[in-house]
Amino acid sequence: MAQQKRAVETRRAVLEAAAAVFADHGYTAATVADILQVAGVTKGALYFHFDSKEALARGVLEVQTDQPPPEHEIKLQEMVDLVMTVAHRLPLDPVLRAGARLSADPTGRKHYGSAWPLWVDVLTEIVTRAHERGETLSHVVPREVAELVVGTFYGVQLYSQLETNLADVEHRISVLLQHLLPSIASPAVLMRLDVAADRGERLVREAATLVPTSV
C-alpha cells in the first residue's frame, strides 16, 4: 500500500513538473532533463510512468478536467462555474497553463493531441442536461454551445495572456459569459445565473474550506 501511494505521488510530481516546464517553455523547447530537474526524481522513476516527452504531454492533457466544480440545481450555473473556476485557477495552476499552451501548439498537438475535446465533452454533457430541463432556449444545440465556449475561452485567455499576463482573465471571461448566455439561456434561468468575475475565486475558496485536515 505504501509503495502504491509513493508511485501515485511520484507520477503526480512528474506530471506537475512537466506541466510547469511545458507552460514556461512550450513543448518543443522543453526537455526531459528540465522536467527531471524540476520533479526531483530519477530518470528511471520518470520513465517508469512515462516513456517519452510525448507521453508526458498526453498525461498533462488528460488531467485537465480532474477538478470539476460542485453540482448545482441550475445546470447552466454548473457550466458557468466550471468556466469561471478554470479562469480563476489558470494564472495559478501550471497544469492548466500547460494544457492551454500545448493544445494551441499547431505542431505539437499532432503528436500528443489536445485538451479541447475533453472540455467540449464535459460542457456538452452539462448543457445537454440543462437543455433537457428546459433551462435553455429551444434552438440550442448543446455540442455547438460547448465548442463555442471552449473556442472563445481560449481566445480570451490568449488575449489576456498577451495583454496583462492573465491579470484580467476572470473579468474578461465574465464579460464573455454575460454576452453569450442571453443567446442560450431561458429568461427565467438567465436572471438567476451568477457570472460575477469573482465567482471562480469564491468557489475555489469554498472548496478549500471543505478539505478535511489531518489530525
Above 29 Å lies some portion of the pair distances; for the chain, what is it as a whole percent of all C-alpha pairs? 32
Comparing ARG101, ARG205, ARG12 in a Gaussian network model of the chain (Cα, 10 Å), the one with the largest mean-square fluctuation is ARG205
Mean projected area (nm²) of the alpha-carbon convex hull when the stretch 157-215 is viewed from all directions: 5.9
Would you mind telling me the share, in percent, of accessible area of the chain contributed by carbon and sulfur at probe 1.4 angstrom? 56
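Report the local net charge at PRO68: Lys and Arg +1, Asp and Glu -1, summed over other residues whose C-beta lies under 10 Å from its C-beta. It would help to have the intermediate numbers written out before the result.
Working: positive: none; negative: ASP66, GLU71, GLU78, ASP81.
Its environment carries a net charge of -4.
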Pick out which of ARG172, ARG97, ARG202 has the largest mean-square fluctuation in a Gaussian network model of the chain, springs linking Cα atoms closer than 10 Å. ARG202
In sequence order, calculated HN-Hα J values of the stretch 171-188 (Karplus, 6.51, -1.76, 1.60; Hz; x Gly/Pro): 4, 5, 5, 4, 4, 4, 5, 4, 8, 7, 4, x, 8, 10, 8, 5, x, 5
Report the accessible area of ARG58, computed with a 1.4 Å probe over the heavy atoms of all protein chains in place, in Å² rounded to the nearest 10. 80
Could you work out the percent of alpha carbon pairs in the stretch 15-139 separated by over 26 Å, rounded to a whole number? 31
A correct Karplus calculation of ³J(HN,Hα) over the stretch 15-21, with 6.51 cos²θ - 1.76 cosθ + 1.60, θ = phi - 60°, whole Hz and x for Gly and Pro, returns 4, 5, 5, 4, 4, 4, 5
Whole-Hz Karplus ³J(HN,Hα) for the stretch 45-60, in order, using 6.51 cos²θ - 1.76 cosθ + 1.60 and θ = phi - 60°, x for Gly and Pro? 5, 5, 6, 5, 9, 9, 8, 6, 4, 4, 5, 5, 4, 4, x, 5
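With a cut-off of 8 Å between alpha carbons and a minimum separation of six or more residues, what is the relative contact order of the chain in percent?
Here the relative contact order equals 22 percent.
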Per residue, how much accessible surface does the stretch 76-154 expose to a 1.4 Å probe? Answer in Å², no decimals. 42
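The values are calculated or read from the model by the stated rules, or taken from the named source; none is laboratory data. Remember, predicted model here, so these are calculated numbers, not experimental data. Positions of Cβ are backbone-derived with ideal geometry, glycine not excepted, and every protein chain shown enters the neighbour counts. SASA here: full protein model, heavy atoms, side chains in, ligands and nucleic acids out. Shrake-Rupley method; radii C 1.70, N 1.55, O 1.52, S 1.80 Å.
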